[in-house]
Ligand code: NAP
């Protein structure tokens, strides 16, 4: 029987997931489909009924449904609960299981593009304390690194995040950066700063050790001002597109039974759809 998968959102036309999964279906000659479906919030319960009837093997969930689906799933992975968002659904025997693969996407991207990145004893610094920061915090908790410092414009939000998620985490305002910089092995931007040419005016990359890895989860543009500045300082960088590609791997494997690879060809295909 043909296995069918989807991405649901509202609107949904912008999603690059059909391109990624469509490419893998072709590459592995799988008798399956992956379609973008626009589901308005009021229609979500009816869509879940279709899932329980077995119409789909599962699919992805994007804005604005990532939180709303919690109440509709039959079970949810504890890590998705900690992250506070479900981005992947898997249907088995008429039951819908919700999970979150963003943290795996983050780890997969760095493992592929900066092997050994988590071997050292250094601390990590996350900029931002929103939904994406939660996924990165969960990812870093799964590696035995040093402390994780969460720097946010609104200190209270950073404090609430580190209080909620168990681990060696500390909350700071942006003004803490100079005192922390020397001991940081990894800098992760999880805010939308970097889109439309924006950058952090307080972030003096010259204070970081020359071995520090800088990564951005913004991928439009692919080389954000933060990554360009880091490269100019001679620091290693990894862009955010790989996170999007790697987060798709576990879903495809669950729905279609084959573990796909993130290849340079797949990356080039998706990259061609991004602004330069
Ligand atoms: P969010 O929950 O709205 O959080 C936004 C964060 O950005 C907050 O910490 C906010 O600080 C900070 N921020 C916003 N504007 C700022 C400014 N002008 N100056 C300083 N800080 C600012 O958003 P999110 O869901 O975490 O998503 C953040 C970004 O990650 C989006 O661009 C999204 O597309 C991207 N993302 C990428 C991937 C991937 O696969 N690569 C996956 C998930 C998300 P305050 O708390 O002070 O407001």
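Please find, within segment 188-205, the residue that is farthest from the ligand (Cβ to nearest atom) out of those that are more than 15 Å from residue 132 (Cα to Cα) and surrounded by 15 or more Cβ atoms within 10 Å (Cβ to Cβ).
So, considering only residues that are more than 15 Å from residue 132 (Cα to Cα) and surrounded by 15 or more Cβ atoms within 10 Å (Cβ to Cβ), the one farthest from the ligand (Cβ to nearest atom) is 205.
For segment 206-221, give me each residue that is surrounded by 16 or more Cβ atoms within 10 Å (Cβ to Cβ) and within 13 Å of the ligand (Cβ to nearest atom).
Once the filter is applied, which keeps residues that are surrounded by 16 or more Cβ atoms within 10 Å (Cβ to Cβ) and within 13 Å of the ligand (Cβ to nearest atom), segment 206-221 yields 215, 216, 217, 218, 219, 221.
What are the pairs with Cβ atoms under 7 angstrom where one residue, in segment 111-133, is closer than 19 Å to residue 247 by Cα and the other, located anywhere, is more than 16 Å from the ligand (Cβ to nearest atom) and modelled with pLDDT under 95? Sequence gap at least six, or different chains.
Close Cβ pairs (under 7 Å, with a partner that is more than 16 Å from the ligand (Cβ to nearest atom) and modelled with pLDDT under 95) amount to 118/143; 118/145.
Need the failing condition index for residue 116 against (1) more than 12 Å from the ligand (Cβ to nearest atom); (2) in a loop (DSSP other than H, G, I, E, B); (3) closer than 30 Å to residue 7 by Cβ, just the number.
Unmet condition: (3).
Specify the residue that is nearest to residue 192 (Cα to Cα); the eligible residues are those in segment 227-243 that are within 12 Å of the ligand (Cβ to nearest atom) and in contact with a strand residue (DSSP E or B) (Cβ under 7 Å, 6 or more places away or on another chain).
By that ranking, first place goes to 240.
Identify all residues within segment 143-158 that are surrounded by 14 or more Cβ atoms within 10 Å (Cβ to Cβ) and within 11 Å of the ligand (Cβ to nearest atom); write none if there are none.
Answer for segment 143-158, where residues must be surrounded by 14 or more Cβ atoms within 10 Å (Cβ to Cβ) and within 11 Å of the ligand (Cβ to nearest atom): 150, 151, 152, 153, 155, 157, 158.
Quick check: anything in segment 20-31 under 14 Å from residue 248 (Cβ atoms), modelled with pLDDT of 95 or more, surrounded by fewer than 18 Cβ atoms within 10 Å (Cβ to Cβ) and touching a strand residue (DSSP E or B) at 6+ places or on another chain (Cβ under 8 Å)?
Among the residues of segment 20-31, at least one is under 14 Å from residue 248 (Cβ atoms), modelled with pLDDT of 95 or more, surrounded by fewer than 18 Cβ atoms within 10 Å (Cβ to Cβ) and touching a strand residue (DSSP E or B) at 6+ places or on another chain (Cβ under 8 Å), which makes the answer yes.
Return the only residue of 169, 174, 256 being touching a strand residue (DSSP E or B) at 6+ places or on another chain (Cβ under 7 Å), touching a residue at least 24 places away in the same chain (Cβ under 8 Å) and either farther than 27 Å from residue 79 by Cβ or within 11 Å of the ligand (Cβ to nearest atom) (or both).
Just a single option satisfies the conditions, and that option is 174.
Does residue 19 count as in contact with a helix residue (DSSP H, G or I) (Cβ under 8 Å, 6 or more places away or on another chain) and assigned to a helix (DSSP H, G or I)?
yes
Based on what the data block shows, is residue 79 under 24 Å from residue 19 (Cα atoms) and either out of contact with any strand residue (DSSP E or B) (no Cβ under 7 Å at 6 or more places or on another chain) or buried (at least 18 other Cβ atoms within 10 Å of the Cβ) (or both)?
No.
Against the definition (surrounded by fewer than 22 Cβ atoms within 10 Å (Cβ to Cβ) and within 20 Å of the chain's Cα centre (by Cα)), how does residue 86 come out, yes or no?
no
Checking the structure you have, find out if any residue of segment 43-58 is over 21 Å from residue 3 (Cα atoms) and touching a residue at least 40 places away in the same chain (Cβ under 8 Å).
No: segment 43-58 contains no residue that is over 21 Å from residue 3 (Cα atoms) and touching a residue at least 40 places away in the same chain (Cβ under 8 Å).
Going through segment 119-139 one residue at a time, which ones are within 15 Å of the ligand (Cβ to nearest atom), in contact with a strand residue (DSSP E or B) (Cβ under 8 Å, 6 or more places away or on another chain) and not in a loop (DSSP other than H, G, I, E, B)?
125, 126, 127, 133, 136, 137
The values are calculated or read from the model by the stated rules, or taken from the named source; none is laboratory data. Keep in mind the model is a prediction, meaning the values are calculated, not measured. Neighbour counts are summed over all protein chains in view; Cβ atoms, including those assigned to glycine, are modelled from backbone coordinates with ideal geometry.
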